[in-house]
Amino acid sequence: MPPEVKTEERRERMRISEMDPYHWHKIAAVSGIAALGLGTYGFHIFKPEKPIFKEVWQIASIYHFFHTAALLAAPITKRPHVFGALLTAGILTFSGSCYTAAYLEDRKFSALAPFGGLAFVAAWASLLF
């Protein structure tokens, strides 16, 4: 590999590592707005034919809110970008797939939920290292 390519790769890695860890607060703000809107919709408006899907929506909402709040702590962690990215991935895949499954009343759309759960576990575990 030519030296100029290695230098450019090194610069890109440095740019990523120098990203302001407080950008996770902006992501938490967007996630919090979404959590509030989706939670309100689920409580007041969402009326599925099968009551179990109301429970699925509520579970998605609880996990969404809880992990959004945790996202606020990302800047003070040892590896804020790892913690923040894993929490965000968990919110999108766990809560997102549960919201989708509940809204469409079809469990097949919850297939990604276990991966979101693993992302949550990995985020919390990342605090150990």
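From the list Lys50, Lys108, exactly one residue is modelled with pLDDT of 95 or more, in contact with a helix residue (DSSP H, G or I) (Cβ under 8 Å, 6 or more places away or on another chain), over 24 Å from Phe129 (Cα atoms) and charged (D, E, K, R). Which is it? Selected residue: Lys108, the only one of Lys50, Lys108 that is modelled with pLDDT of 95 or more, in contact with a helix residue (DSSP H, G or I) (Cβ under 8 Å, 6 or more places away or on another chain), over 24 Å from Phe129 (Cα atoms) and charged (D, E, K, R). In the range 118-129, the residue that is surrounded by the most Cβ atoms within 10 Å (Cβ to Cβ) out of those that are touching a Lys or Arg at 6+ places or on another chain (Cβ under 9 Å) and modelled with pLDDT of 95 or more is Ser126. Considering the range 65-93, and only residues there that are closer than 15 Å to Gly39 by Cα and buried (at least 23 other Cβ atoms within 10 Å of the Cβ), the residue that is nearest to the chain's Cα centre (by Cα) turns out to be Ile91.
Restricted to the range 94-117, and to residues there that are aliphatic (A, V, I, L, M) and exposed (fewer than 15 other Cβ atoms within 10 Å of the Cβ), the residue that is nearest to Pro48 (Cα to Cα) is Leu104.
The values are calculated or read from the model by the stated rules, or taken from the named source; none is laboratory data. Every value quoted in this text rests on a predicted model; they were computed, and no experiment measured them. Because the Cβ atoms are built from the backbone with ideal geometry, glycine has one as well, and the counts that use them run over all protein chains shown.
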